[in-house]
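The values are calculated or read from the model by the stated rules, or taken from the named source; none is laboratory data. Predicted model only: the values in this text are computed from it and were never measured. As a convention, Cβ positions derive from the backbone with ideal geometry for all residues, glycine included, and neighbour counts pool all protein chains shown.
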Amino acid sequence: MRLVDLYSVMRVAGQVRAFRPDPVPTATLARVLEHARFAPNGGNRQGWRVIVVTDPERRCALRDVHLAQHHAYVAAGAKGAPAHGHLGEHLDEVPVHLLVLVDLRALAILDQSLSRPAIVGGASIYPFVQNILLALRSEGLGGAITTLVVGAEPQLKTMFEIPESYAVAALVLCGWPRDRLPTRLARDPVSSFATRNSFTGPPFDDAVVS
């Protein structure tokens, strides 16, 4: 892939929230995972595992788990809690659910001694998830990631016979978009988040070369 093509995909691979029920060819999903597996990860341990869920009953079960977690999230008074809207209520109608797991033994959680939630372990799984989303967009498919179901990990482990040594990292929904895929996403400029030499340094130049 030419560099300009990669950049083009990165700039339009946003969340898709409305899907057609049409099935996704197995060969297409296999191609997505074939390319996603080259994601960077700690020590090249490749601790990811994906359960490709197409069975209607299991998709309904995932919908129910997702909605229950959303309701609990809202009830807890979480600020900025997402409205599940049409997608949450109709999660089972999305033709493919990718339940992404990670082998905890493959993670190097180097920040676990700090007095804040550990985040470093995610570096060995979320680049893989992002690769899936980019590959879906490259195939003309829509993708959406949710981590709401992670809170119901014990339940999911029972439902999907997941070993104790694995953790649930994300649920990626994929299918053919109901509407046209976005051709432009709204994001803050580079100068809003990048500075030179220190946190309070001057904004990093954000001139974009097309």
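General observations
- Across the stretch 18-27, not a single residue is classified as farther than 16 Å from Val172 by Cα, within 18 Å of the chain's Cα centre (by Cα) and of a type in the set (A, V, I, L, M, F, W, C).
- Top-ranked residue of the stretch 43-65 - restricted to ones that are of a type in the set (A, V, I, L, M) and under 15 Å from Leu33 (Cβ atoms), ranked as surrounded by the fewest Cβ atoms within 10 Å (Cβ to Cβ): Val52
- Members of the stretch 140-184 that are under 19 Å from Pro56 (Cβ atoms) and charged (D, E, K, R): Glu161, Arg178
- Residues that are more than 30 Å from Arg20 (Cα to Cα) and touching a residue at least 24 places away in the same chain (Cβ under 8 Å), drawn from the stretch 90-118: Asp103, Leu104, Arg105, Ala106, Leu107, Ala108
- Gln15, sole failed condition from (1) at pLDDT 95 or above; (2) surrounded by fewer than 16 Cβ atoms within 10 Å (Cβ to Cβ); (3) under 16 Å from the mean Cα position of the chain (by Cα); (4) not aromatic (Phe, Trp, Tyr): (1)
- Among the candidates Val9, Val24, Val16, Val53, residue that is touching a Cys at 6+ places or on another chain (Cβ under 8 Å) and either of a type outside the set (Phe, Trp, Tyr) or over 30 Å from Arg105 (Cβ atoms) (or both): Val24
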